[in-house]
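The values are calculated or read from the model by the stated rules, or taken from the named source; none is laboratory data. These numbers come from a predicted model, not from an experiment. Note that we place each Cβ from the backbone using ideal geometry, even for glycine, and neighbour counts take in every protein chain shown. Only protein heavy atoms, including side chains, enter the accessible area calculation; ligands, DNA and RNA are left aside. Shrake-Rupley method; radii C 1.70, N 1.55, O 1.52, S 1.80 Å.
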Amino acid sequence: MNRSTAVALATAAIVAPGIALAPAASAGSAPADDTLHLQAHLSPVPFSKVTGSGTATVTLKGDQATVTLKARGLLAGAPHAQHFHIAAKGQCPPASAARTVNGMKSVFTTDGAPFYGAIGTSLTTSGDTGPGSGLAIDRFPVGSKIDYHRTITLSAEAAKSLREGTGVVVVHGIDVNGNGKYDDVLGPSDLDPKLPAEATNPALCGSLSTSAQGAVKGGMGGSHAEGGSTLAATTGAGLLAAAAGAFYLRRRMHRTG
Ligand SMILES: [Cu+2]
């Protein structure tokens with residue numbers, strides 16, 4: 001068994017309890033031909049010092065998502081993890097979500113979780129796209145510009161979240177002191193203390209919403225109030241999964257650092 005398989009299995013084991021706590025799944029309620037068009041405008045996360053922007057479009061057909069993500073203004077020469085975060089408020093974190101480290105405010109990845117939720121899908125360039133690949137940096141775009149296009153299969157949980165309008169696109173990796181690399185100016189990452197926070201803090205964020213056709217069907221809108229316990233469970237699972245994935249980023253950082 002190779003390591004990625006082991007991580008995937010571990011992730012499945014971790015996530016399973018969260019699924020068990022979730023409200024009854026909407027099995028069969030979304031016909032396979034129920035195509036949904038979603039889009040997001042990606043804006044800098046408060047205090048990230050990112051000046052770029054981006055767009056994302058998702059065509060969701062059943063659980064098949066065709067994803068196009070374009071972004072610019074990111075740290076050059078550095079890997080940028082990118083995900084669908086799911087099943088929370090479907091929002092990007094406001095400035096009030098930030099913590100203060102070394103006299104500077106910054107929104108860490110977990111600070112945003114109450115707004116954008118846990119990692120539901122890792123927008124990797126190849127291979128696995130589950131939460132366990134959340135920091136599989138060898139398979140994320142590198143550089144200041146992202147031009148990403150891939151058709152992937154979403155988990156039932158992620159597809160459900162996107163259909164309900166709680167999917168959020170988040171691109172990670174910032175350089176608040178402008179020295180051209182990820183360093184420890186903000187201390188350690190909240191996902192893995194062996195990594196610098198700059199490598200994992202969110203940079204760009206945008207909520208996925210439907211285009212003008214109003215594709216959110218009746219009966220889906222009322223489920224948010226009951227989501228509290230589910231959110232707590234799945235957010236924890238997602239963070240554990242991200243921690244498992246941090247192994248890859250650590251290797252990458254040591255190799256390039
Ligand atoms: Cu993310």
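Modelled this way, with points 7 Å down the Cα-to-C-beta line, the labels at residue 34 and residue 64 are 1.8 nm from one another. If you take all other residues with their beta carbon under 14 Å from the beta carbon of residue 209, and give Lys and Arg +1 and Asp and Glu -1, the sum is +1.
How large a share of the accessible area of segment 70-136, in percent, is made up of carbon and sulfur atoms when the probe is 1.4 Å and the other protein chains stay in place?
Values: 1160 of 2180 Å².
So the carbon and sulfur contribution to the accessible surface is 53 percent.
Keeping every protein chain present and rolling a 1.4 Å probe, give me the accessible area per residue for segment 86-136 in Å². Could the numbers behind the result be given before it?
On the way: 1710 Å² over 51 residues.
Spelled out: the 1.4 Å probe surface of segment 86-136, per residue, equals 33 Å².
How much length is gained on full extension from residue 151 to residue 89, taking 0.36 nm per residue of separation minus their Cα-Cα distance? Provide the component values of the computation, followed by the final result.
Working: separation 62, 0.36 × 62 = 22.32 nm, distance 2.52 nm.
Separation in residues times 0.36 nm, less the Cα-Cα distance, equals 19.8 nm.
Starting from the Cα-Cα distance between residue 104 and residue 194, subtract it from 0.36 nm times their residue separation and give me the gain in nm to one decimal.
Working: separation 90, 0.36 × 90 = 32.40 nm, distance 2.02 nm.
Using 0.36 nm per residue and subtracting the Cα-Cα distance, I get 30.4 nm.
Between residue 181 and residue 41, full extension at 0.36 nm per residue minus the direct alpha carbon distance yields a gain of 47.8 nm.
Magnitude of the charge dipole for segment 31-130, about its Cα centre and with charges confined to Cβ atoms of Lys, Arg (+1) and Asp, Glu (-1), is about 500 debye.
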